[in-house]
2 protein chains.
Amino acid sequence: MLGTRFRTEQIQRFFPILDWGKDYTRANLTGDLTAAVIVTIMLIPQSLAYALLAGLPAEVGLYASILPLVAYAIFGTSRALAVGPVAVVSLMTASALAPLGLANVADYVAAAGVLALLSGLFLVAMGALRLGALASLLSHPVIAGFISASGILIATSQLKHILGISVSGHTFPEIVSQVFSQIGLVNFPTVLIGVAALGFLFWVRKGMARTLVRKFGVSEYLAATAARIGPIFAVIGTTFLAWVLNLPEYGVAVVGQVPTGFPPFGLPKIDLELVGQLIAPAILISIIGYVESVSVAQTLAAKKKQRIDPNQELIALGASNISSGMSGGYPVTGGFARSVVNYDAGAETPAAGAFTAVGLLFAALALTPLLFFLPKATLAATIIVAVLSLVDLSILKHAWGYSKADFAAVFATIALTLAMGVEVGVATGVGVSLALFVWKTARPHVAEVGQVPGTQHFRNICRHQVLTDPEIVSLRIDESLYFANARRMEDMILARVHHGRDEIRHVILMCSAVNEIDLSALESLEATNQRLKDLGVKLHLSEVKGPVMDRLKRSHFLDHLTGSVFLSQYEAFQALKSDTAAAA
Amino acid sequence: MLGTRFRTEQIQRFFPILDWGKDYTRANLTGDLTAAVIVTIMLIPQSLAYALLAGLPAEVGLYASILPLVAYAIFGTSRALAVGPVAVVSLMTASALAPLGLANVADYVAAAGVLALLSGLFLVAMGALRLGALASLLSHPVIAGFISASGILIATSQLKHILGISVSGHTFPEIVSQVFSQIGLVNFPTVLIGVAALGFLFWVRKGMARTLVRKFGVSEYLAATAARIGPIFAVIGTTFLAWVLNLPEYGVAVVGQVPTGFPPFGLPKIDLELVGQLIAPAILISIIGYVESVSVAQTLAAKKKQRIDPNQELIALGASNISSGMSGGYPVTGGFARSVVNYDAGAETPAAGAFTAVGLLFAALALTPLLFFLPKATLAATIIVAVLSLVDLSILKHAWGYSKADFAAVFATIALTLAMGVEVGVATGVGVSLALFVWKTARPHVAEVGQVPGTQHFRNICRHQVLTDPEIVSLRIDESLYFANARRMEDMILARVHHGRDEIRHVILMCSAVNEIDLSALESLEATNQRLKDLGVKLHLSEVKGPVMDRLKRSHFLDHLTGSVFLSQYEAFQALKSDTAAAA
């Protein structure tokens, strides 16, 4: 009986659909269906646009928005997250596939599928090993910097579609210099379409809802909905124009022939050399995608006091990517914009995602012939408007004001993402954050402390009025002792004793901030003890924490320690203080 | 006036020779000359042998023992350190040059010179930037593991010379399998010479001094000196045998023609591709060589209460390597064995090194014809006996008993050095140490604390009998708060509050071990504050350190904090405790 319940719980945990599915109501269905319709209309142009950004044929964007949504609906724990192609991951896909130099479109599409598959397998493996915490290596400033820099990079990369020129660069300086060198080659009909679409889309985002409410008396809800599905009007309008005026004859690039039908199903062409080349980008894409997705999911869950399970999210995103790789798609993740729209439009359960998938399948089956005359400039405008909202460089000022280390990490991330691409940028950001953390812990703060009068509390003699004793040096070590700072600590303690040599008889190390003493530090402490002994000075410890003390007891250090270990700094000071101090 | 004195001090600091040189006495001269003679006799076979280990012609070992010693005498701060070719650096040189696939000996020698030059430039740069602390990234267990594994690897690599077979592997499994597969091809005269030399050298090291004193009444000092220069007898004996019996005819490999004359002087052939290939190994060699050298220098300085300057040592070792690269040598460093011999033989100043250089120059000018018949098996035996004394696997047991993280680092270092070579081994050791450190700080210990009765001291409620209050949760966070643990902390605090929800009105975070709060952690603290506020719980901080408080004051966190910041945990508890607690 207990075994059965345990099994059921395990299964429910792995298939959250069993949990929300059994209580599914008519009200849920209404909410989910409404959300699905709105999200579908929003996703059609976005899916096409992001495929374009990834360098893929437009239909791949649609395919990546069908099965992955169903997979997330089965495995995901967020009620509102909408999975599919997103801007940053599309950019990363382009940057992973570009170095392969695949001239054949079919090979390029297959490689994108393999990337999704590898990314999915990696995510599932992380979930199975419960390694979601690895994502915490990306600090907030690094993520913020990376997203902003990616937004700038993406917007810049889309300029070529707005201008009707051909640019092959993948970094900000490359793209900008190529755009300037070809400024004479711009295609004016394309620029007109592109600028008009941009202007319309900015208006849709910023002013349309207000205008509709104020001037046309439309309800707030309807106006907000119209703003969300606004991009579809730009798509319809410019496609119609291109068809009527036969704009391709005037050099306006259009989407062209898009195959109609079900997404292809099955494994993409896999060879080991390709897998070897894609494994590192796949891991990076997985981690970035996961971080983006989980933070969106957590934000939305908090609003309804729901909880998401970060490790199950790994499984769900992994399943989404595997299904994307097996159905002609490319790497996907939970997107910010679409999830917020899904949530605001009233999605109650992951079923909304499944309904959206049906909508997009219908688009793939029936609407693709209508996309022939859709100008690429319109899609580029959609991308630019979407990603510019991601750019927020205030993180630079914020980080500068708070901590130079955080500033260095965010600055390095932004600069290197722009200058050398997304992979180098994010890897540098993580590297700089970790290196600065190690650097800080390797050069710890050490405070000489004294007793705050009338209390049993000890604080820095430079910051507070405190009692001290000429025969006692009390040093509070503000860091765990480990290999990177062990030697420095040894030198620092000895230097302090040499400084006031004649009077000093006791050194007390106040260990309230020492959370760890590793083997290197233990050897340094032994050496310090010996060297102080040679000078006739006793070494004492105070406020050693339980776990640290347990470990010291396993070594021989305490047998050779010339002084004692005291429970508190106050006890140590009381026991050792001389008559001089009592008079002070 | 002040300016002049400052300049003089600066110059003296950069040229320590000016400091000890001006007080040089006749007694110093006697000590230095005696030491130089003994070290010269010891160094001749060792230099040849280590050149062999590095895959270089024998004379390169001599050249690397001349100018570098003079350079160290000028720039070095240790009075007893003896610089020259050493076992581990020779092995690393071989492993750096092997992948270049240089068939021509002259190219190979030139590449070794470039390696020394690059290593020297890197060391000087580190010294100029005062980056000696970088070496502290190598923890004691990693160094110990690396030295032991290198010793095993070197000894194994020399078996081919003892057996007279040809082995090309560079890792332990490769070498062992090649030795076994060729066991039928051994050359018996070589084995006889090799085993005899090995037996003699082990006896010299372990038993000769005692035998000389007990059976022949030789004085202790003379016996110890004989033991030190013992290897030269093996060299003379086996060379004589090889000449008389014409052993090369029976397949015994000998050193052969060694050019006579001054070392070549000038820059080796440098091309940019070579520099690119050697830069990473050069950095690794520099760091390992520096760590070995500085720890020997510090050990010997401590015995005479002298001090060495770690940053000036970088300059001195850099100068040694540059001069080695410019005089036909290869990378050098301060060696353990030779420095101890130098110290024990009475070296008083670095002049002993300069005198040794003169001795080795004499060897290069006059003795090389005598080396023709020196069997390579003898040199291999010299190496094996020298390096086996470096092997001490007790570090594994020691680390296991003290800390599993230290054990993991040392085990990874040993296993990967043996299995994949020195570069992978030491890089893995450093990587594993750092990763485990970050891993530990990312999953910190958090203790719920209460007041130790009769004191103002607060300790873990699970380890001590303490007073608590049902309305107050006091959590001592045993780690700096930073991006890798920020989210985890947030979840942990919230989970604790949810656990005892109804009664809790205050959460006090005791920050005595929080040495840093970065921007990510600040955002998590703000979120925690907000989430606790929604639950009707106030958040307080206590014992926030000066530097952390300074930074918090620069943010808006304190404006939104629902509770207060208290100087001590005792104050916080006194101010917040309810009537229930007073009764407890």
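The values are calculated or read from the model by the stated rules, or taken from the named source; none is laboratory data. Predicted model, so just to flag it, every value in this text is computed and none were measured. Note that each Cβ is placed from the backbone with ideal geometry, even for glycine, and that neighbours are counted across all protein chains shown.
Of note:
- Set B:LEU102, B:LEU91: member being outside any helix (DSSP H, G or I), within 30 Å of B:VAL255 (Cβ to Cβ) and either modelled with pLDDT of 90 or more or out of contact with any Leu (no Cβ under 7 Å at 6 or more places or on another chain) (or both): B:LEU102
- The set of residues in segment B:554-573 that are within 10 Å of chain A (Cβ to nearest Cβ) and either among the charged types (D, E, K, R) or under 14 Å from B:VAL449 (Cα atoms) (or both) comprises B:ARG554, B:SER568, B:GLN569, B:TYR570, B:GLU571.
- The residues listed here are B:ALA224, B:ALA144, B:ALA197, B:ALA149; of these, the one that is closer than 28 Å to B:GLU292 by Cβ, at pLDDT below 85 and part of a helix (DSSP H, G or I) is B:ALA224.
- Here A:SER139 qualifies as buried (at least 24 other Cβ atoms within 10 Å of the Cβ) and at pLDDT below 90.
- Taking each residue of segment A:429-450 that is free of Cβ contacts under 8 Å to residues at least 40 places away in the same chain and looking for partners that are among the polar types (S, T, N, Q) with beta-carbon atoms closer than 7 Å, six or more apart or interchain, yields A:HIS445/B:ASN515; A:ALA447/A:ASN460; A:GLY450/A:THR468; A:GLY450/A:SER474.
- Residue match in segment A:124-133 (condition: modelled with pLDDT of 90 or more and either over 30 Å from A:GLY325 (Cα atoms) or of a type outside the set (A, V, I, L, M) (or both)): yes
- Some residue of segment B:468-482 being of a type in the set (Gly, Ala, Ser) and in contact with a Gly (Cβ under 9 Å, 6 or more places away or on another chain): yes
Okay, residues lined up against (1) more than 24 Å from A:VAL258 (Cβ to Cβ); (2) modelled with pLDDT under 95:
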position: A:VAL296; (1), (2): yes, yes
position: A:THR299; (1), (2): yes, yes
position: A:LEU314; (1), (2): yes, yes
position: A:ALA319; (1), (2): yes, no
position: A:SER324; (1), (2): no, no
position: A:GLY334; (1), (2): yes, yes
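This table checks each residue for (1) buried (at least 23 other Cβ atoms within 10 Å of the Cβ); (2) in the same structural domain as A:ASN460 (by TED's automatic domain parsing); (3) aliphatic (A, V, I, L, M); (4) under 30 Å from B:VAL410 (Cα atoms).
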| residue | (1), (2), (3), (4) |
| --- | --- |
| A:LEU481 | yes, yes, yes, yes |
| A:ASN515 | yes, yes, no, yes |
| A:ARG531 | no, yes, no, yes |
| A:ARG551 | no, yes, no, yes |
| A:LEU567 | no, yes, yes, no |
| A:SER578 | no, yes, no, no |
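- Residue among B:SER65, B:SER78, B:SER47 that alone is at pLDDT 85 or above, small (Gly, Ala, Ser) and in a helix (DSSP H, G or I): B:SER47
- Considering B:LEU370, B:LEU360, the condition of being under 30 Å from B:GLY237 (Cα atoms), away from chain A (no Cβ under 12 Å) and surrounded by fewer than 24 Cβ atoms within 10 Å (Cβ to Cβ) is satisfied by B:LEU370 alone.
- Criterion: in a helix (DSSP H, G or I) and not polar (S, T, N, Q) - qualifying residue of B:VAL176, B:VAL167: B:VAL176
- Every condition in (1) buried (at least 21 other Cβ atoms within 10 Å of the Cβ); (2) farther than 26 Å from B:GLY429 by Cβ holds for B:PHE188 except the one numbered (1).
- Qualifying residue in segment B:295-316 (condition: among the basic types (Lys, Arg) and surrounded by 20 or more Cβ atoms within 10 Å (Cβ to Cβ)): no
- Residue under evaluation B:GLY266, criteria (1) within 18 Å of B:TYR108 (Cα to Cα); (2) in a loop (DSSP other than H, G, I, E, B); (3) in contact with a helix residue (DSSP H, G or I) (Cβ under 8 Å, 6 or more places away or on another chain), criterion not met: (3)
Results for (1) within 22 Å of B:ALA447 (Cα to Cα); (2) in contact with a Lys or Arg (Cβ under 6 Å, 6 or more places away or on another chain), shown as yes or no for each residue.
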residue	(1), (2)
A:THR455	no, no
A:LEU467	no, no
A:TYR482	yes, no
A:ASP502	no, no
A:HIS506	no, yes
A:ILE517	yes, no
A:HIS540	no, no
A:GLU543	yes, no
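- Across segment A:385-395, the number of residues qualifying as more than 14 Å from chain B (Cβ to nearest Cβ), of a type in the set (Val, Ile, Thr) and part of a helix (DSSP H, G or I) comes to 2.
- Residue in segment A:104-114 that is among the polar types (S, T, N, Q) and over 25 Å from A:PRO350 (Cβ atoms) present: yes
- Residue match in segment B:498-514 (condition: farther than 28 Å from A:VAL466 by Cβ, part of a helix (DSSP H, G or I) and within 14 Å of chain A (Cβ to nearest Cβ)): yes
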